Each structure stands twice: as structure tokens, then as C-alpha cells.
Amino acid sequence: MNLSLLSVAAAAAVAMVGFTSAANAHGPTRQKVSETIEINAPADKVWAVVSNFQDGGWIPIVAKTEGTGGNAPGAKRTLTLKNGATVDEEVAKLEPEKMTLMYRIDKVDVKVLPVNNYSSWLIVTPEDGGKSKVEWRGAFYRGYENNDPPPELSDEAAIKAVTGLYKMGLDGLKKKIEGTN
Amino acid sequence: MCRIAYPRKAEPAAKGRLRHVALCAIFALCCAPLARADEAFITSQPADALSIVDLKTRAIVSRLTIPDKPAGIAVSPDGRRAFVTSPDGKALTIVDAAARRIERRVDVGGGPLGVAVHPSGSPAYVADWYEHQVIAVEADTGAIAGKVKTGNSPSGLALTPDGALLVSADRDSDEISLIDTKTLTRIATVPTGHKPFGVTIDDAGARAYVANVASSDITVVDLAARTVLATVKVGERPYAVALARGLAFTTDQYASTVTAFDTATFEKKASIAVGDYPEGIAAARDGSEVYVASWEANTLSVIDTATLKVVKEIAMPDGPRAFGSFLRRAD
């Protein structure tokens, strides 16, 4: 998953030299992605990991997390990925009673993740038998701001990249938490 | 006033009157020919759906499939038709609103998003996000009647109640365009805040309220003078505006709130929590309620404009957007 995400990114980089993402530029159709996983651990334990905004280490491609403000709204972090790329993110909303963290990407190169105006939600729900369910939801526009995008910056490419990220991330979360049981 | 025939028996006068009153009350509740309730026509973008919500029962009474991520909506003031934009299909779909039937799909090209309909019922005006123009489409035939250039990336559209003036919010030019509908010419521009998106005109046709997504404020424009009357701060990333009871209500996308402010004093009255990504918003004809589509939460929230509280959340198909005048009068 890691490699395929990076190879997609590399293809985009070749095609789109000089293209940078503008924070407010997007087309008319926002996309939605949702992935879930069941984890064999109580919800409060899972929430403790998921809500720690200053450690994105459960996402396998993340090498380093640096930030400020804990997980309160407005808290910032910069994720450095294993390939050296960085992603700047910010907490939008924290609802401990609903075990929901909402955050946004402030800055990412479309060569790294082919999206604009990205926000996401991590939601932990208790399940029977001391298990829990984690849902990772995302809302974003494709990487290309004009009509008729090149394939690597299309809606499909954005959905594929985010879906891949979520699957990989949730697998990583499950391994990390169940491995420390 | 109440006339009900029921068998007369010998009974005490007082008891008879009571019985008459009770029967009249029951008749009024269950059997009187009620006026049909107004409806909300809600586009759900990822679901490719147009849902019709009965605003009295708060239930979805009909659902049409509209392909290619339907976003913008305009219902004609007479309630006869609904016009829906599908940006991914570069199309406008014309719907027979009463029959719940698709009449035709018109290829308009470009990036159709905002849509508004002339008070007479035709034409429908479609904002073309990519080609920076407004396209006029004849409602009866689907023929393209004309085009007019705007600023960059026109998004929201609104008309004055007399139909003489069309306003487009030109998102990437930080201005609104004023368009004369008779000649289909752009006659003026007025500067707004940063990234204007939704625009709403009051019942008097005197003011336009423009939601500026990037500067998180509302520009209030005097349409006759073509000047800015006020700039009002609201919640983060306002998307669109509705007007009711002397208040303006804004959907604050990033704050997940509806901000209400007084249109006379521009003083903030309330910040009302709704579902994430509130987008389309419209006010009931009598001003008693406003309705808010929340794209991420998949809800249509009903806000009581007297108490400024959410009184109902109606579940919607995935990704309700309803950008435009989505309420239909049914009587």
C-alpha cells in the first residue's frame, strides 16, 4: 500500500511539474470516503491512541510527528512521511463524548496526496465483547482545480489515494493496538 | 360555523353542545381539506439523488435519480418545475415538480453549479464555474437562449422578485455581477469579501446578501446604489444565506453552525450548532422556519426562527447539498 501510494504520487509528480495546490481552489464536486475496521480492544483504549493528535505514528507511512496545542481545536501538527514529504494538519473539532476527532489538512502537495480542501473524521464506537469500531471519514476535492483533469489528479485518483491511505492507516492502528494487548 | 349532521336524540342541551364542539374539533383535526404542505427539494451529491421532503410531516415523499453529482437547485416560484445542475455531467436537469418526473436533461457544457429561475418560470440561469459565464436555458424547450460573461468562477445566482436583475457571486474575482435579464448584459459589479459563494436577495429586491467563504463574512449590498452597506462577520467558511423574520441565517461550513444576525442592526443573534458541512439553506414562505442541508452529516435540519433552535433533524441520502432556492410551494 505504501509503495502504491508513492508510485501514484511519483507519476503525478512527473506529469505536474510546477503545479502547486492552492488552498481555496477546487471544482464543484466534493468527494466522500469512509473506511471502518474492528479492533479487539476497548473503545477508551483505542480513543486514547486516535485522539492523540501529536502522534500520527500509527499511520504506517508517517516517520515523525511535530506539533503544538495537543488535540484542542486549532492544534497543529506536521507529519513527515517516510519518503520525506510533509503534511501540515490542524484540529477542527474534538468531541470526547462522541469519541470523534475532526481535523483538516492545511497544506499538502498534490504530488503527495492528490486532494484539495481535505478534512477528515476519526470516530471510535464501542462494540460488544470489549471490542471497538473505528471509522475514518474524509471530505475533499480532487487535486486538479479545472475542468477535465488529467487522470492522476481526477476524482477517481483522489478517492483511490484517500481510500488506500485509510485502509493502510486503519490496518496500522489495529496492529499497533492489538499488538500491545 | 361548524356544520356536522348527526342524529338528534333527546339529550340535555349542555351535553349536546359539548358533543357538537368535540365533533367539530375532531373534524377540524382529521377531515378538513388541508392545504398541501410546502416541500424541500434536496440534492444529494454522492447519492445522485433528488429527495422531495414534505415539510409538514418531515418525511421524504419521493426520490428521483439524477446522475453526475447533482448540486445546484432552483424551484420555480409557481412550484411547477425544479432545475438541477450536475457539474460532473455538464448538465441541467429539468424536473416536473408536481409529477416528480424528469422532463429533460440539457447539455450546457462547462461546469454548471449555481442555478436560479426567472420569477415567470423561464428561463433558468446556470452559472458556469469553468467558462466564467451564465447560460440562460428556456424551461419549456431546454434551448439555450443566451450567455453572458461574468467574473471568474460564478457560483451562486439570485434574481430580484421582479425578475429584472440577476446577480452572480463571482468566487474567484471577489465581486458580484449585476446582469440585466432583458438584454442579458452585465451592467455592473460590486466588490465583496474574499471568495463569494452563495447570494440571496431580499423580498423587496433591495439588498443582496453574499456569503464570502474565505473571509468568513457576509457582504450586504444595496442593489440600487450598487454599494456595500455592511460586512458582517459570521462563523468560519459561510456558504449561503437565508432571510426570515428580519434575520439573516448563514451556513458556516467549517464551524458546523448557522449564524443568525439582525438585518437592521447587523448584530449577531445566535450561533446554532448543526451537522458538519452545512451548505444549502432556505427559509419557509412564512418565515417561521429555516432548513439546512448538512453535506457530511446527511441531515436536513429544521430551525425554528423564533426560538433559534433546531427542532428536527431529517435523515437524507448521502451528501445533501441543495445549493439554491430549494423550497417549493405546493398550493
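Mind telling me which of the residues B:S256, B:S294 ends up being on the phi < 0 side of the Ramachandran plot, of a type in the set (S, T, N, Q) and surrounded by 20 or more Cβ atoms within 10 Å (Cβ to Cβ)? So that I can check it myself, show each step before the final result.
Details: B:S256 fails: on the phi < 0 side of the Ramachandran plot.
Going through B:S256, B:S294 in turn, just one is on the phi < 0 side of the Ramachandran plot, of a type in the set (S, T, N, Q) and surrounded by 20 or more Cβ atoms within 10 Å (Cβ to Cβ): B:S294.
Could you grab me the full set of residues in region A:110-134 that are surrounded by fewer than 20 Cβ atoms within 10 Å (Cβ to Cβ) and among the hydroxyl-bearing types (S, T, Y)?
Answer for region A:110-134, where residues must be surrounded by fewer than 20 Cβ atoms within 10 Å (Cβ to Cβ) and among the hydroxyl-bearing types (S, T, Y): just A:T125.
Which condition number does A:E156 fail, the rest of (1) assigned to a helix (DSSP H, G or I); (2) within 14 Å of chain B (Cβ to nearest Cβ); (3) buried (at least 21 other Cβ atoms within 10 Å of the Cβ) being met?
(3)
Is region A:139-150 home to any residue that is outside any helix (DSSP H, G or I), surrounded by 22 or more Cβ atoms within 10 Å (Cβ to Cβ) and of a type in the set (S, T, Y)?
Keep residues of region A:139-150 that are outside any helix (DSSP H, G or I), which gives A:139-150.
Next, from what is left, pick out any that are surrounded by 22 or more Cβ atoms within 10 Å (Cβ to Cβ): A:139-140, A:142-144.
Narrowing further to those that are of a type in the set (S, T, Y): A:144.
Within region A:139-150, one or more residues are outside any helix (DSSP H, G or I), surrounded by 22 or more Cβ atoms within 10 Å (Cβ to Cβ) and of a type in the set (S, T, Y).
Within region B:43-86, can you find the residues that are in a strand (DSSP E or B), within 17 Å of B:Y291 (Cα to Cα), within 14 Å of chain A (Cβ to nearest Cβ) and aliphatic (A, V, I, L, M)?
First pass over region B:43-86, keeping only residues in a strand (DSSP E or B): B:43-44, B:49-54, B:59-65, B:72-75, B:81-86.
Right, trim to within 17 Å of B:Y291 (Cα to Cα) and you get B:43-44, B:50-54, B:59-61, B:72-75.
If we keep only those that are within 14 Å of chain A (Cβ to nearest Cβ) too, we end up with B:43-44, B:72-73.
The answer is B:I73, and nothing else.
Which residues, taken from region B:134-161, are buried (at least 20 other Cβ atoms within 10 Å of the Cβ) and assigned to a strand (DSSP E or B)?
Within region B:134-161, B:V134, B:I135, B:A136, B:V137, B:V148, B:P154, B:S155, B:G156, B:L157, B:A158, B:L159 meet the criteria.
Taking B:V126 as the residue in question, decide whether it is within 24 Å of B:V106 (Cβ to Cβ), surrounded by fewer than 22 Cβ atoms within 10 Å (Cβ to Cβ), aliphatic (A, V, I, L, M) and in contact with a Leu (Cβ under 6 Å, 6 or more places away or on another chain).
no
For (1) under 12 Å from B:I218 (Cβ atoms); (2) of a type outside the set (V, I, T); (3) assigned to a strand (DSSP E or B), each residue gets a yes or a no:
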| position | (1), (2), (3) |
| --- | --- |
| B:A240 | yes, yes, yes |
| B:L243 | yes, yes, yes |
| B:A248 | yes, yes, yes |
| B:Y254 | no, yes, no |
| B:F261 | yes, yes, yes |
| B:T265 | no, no, no |
| B:K269 | no, yes, yes |
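Go over the candidates A:P73, A:P149 one by one and state the one that is touching a Gly at 6+ places or on another chain (Cβ under 8 Å) and within 14 Å of chain B (Cβ to nearest Cβ).
A:P149
Let's see how each residue does on (1) of a type in the set (S, T, N, Q); (2) over 28 Å from B:G235 (Cα atoms); (3) away from every other protein chain (no Cβ under 13 Å):
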{"site": "A:D55", "(1), (2), (3)": "no, yes, yes"}
{"site": "A:L81", "(1), (2), (3)": "no, yes, yes"}
{"site": "A:A92", "(1), (2), (3)": "no, no, no"}
{"site": "A:N117", "(1), (2), (3)": "yes, no, no"}
{"site": "A:V134", "(1), (2), (3)": "no, yes, yes"}
{"site": "A:Y141", "(1), (2), (3)": "no, no, no"}
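Can you find a residue in region A:155-164 that is among the hydrophobic types (A, V, I, L, M, F, W, C) and either out of contact with any Lys or Arg (no Cβ under 9 Å at 6 or more places or on another chain) or without any contact (Cβ under 8 Å) to a residue 40 or more places away in the chain (or both)? Quick ask: steps written out before the conclusion?
Taking region A:155-164 first, the residues among the hydrophobic types (A, V, I, L, M, F, W, C) are A:157-159, A:161-162.
From what is left, the residues that are either out of contact with any Lys or Arg (no Cβ under 9 Å at 6 or more places or on another chain) or without any contact (Cβ under 8 Å) to a residue 40 or more places away in the chain (or both) are A:161-162.
Looking through region A:155-164, at least one residue is among the hydrophobic types (A, V, I, L, M, F, W, C) and either out of contact with any Lys or Arg (no Cβ under 9 Å at 6 or more places or on another chain) or without any contact (Cβ under 8 Å) to a residue 40 or more places away in the chain (or both).
Which one of these is within 30 Å of B:P161 (Cβ to Cβ), at pLDDT 95 or above and surrounded by 12 or more Cβ atoms within 10 Å (Cβ to Cβ): B:A116, B:A47?
From the options B:A116, B:A47, the qualifying one is B:A116.
The values are calculated or read from the model by the stated rules, or taken from the named source; none is laboratory data. Every value quoted in this text rests on a predicted model; they were computed, and no experiment measured them. Ideal geometry is used to build each Cβ from the backbone, glycine not excepted, and the neighbour counts take in all protein chains shown.
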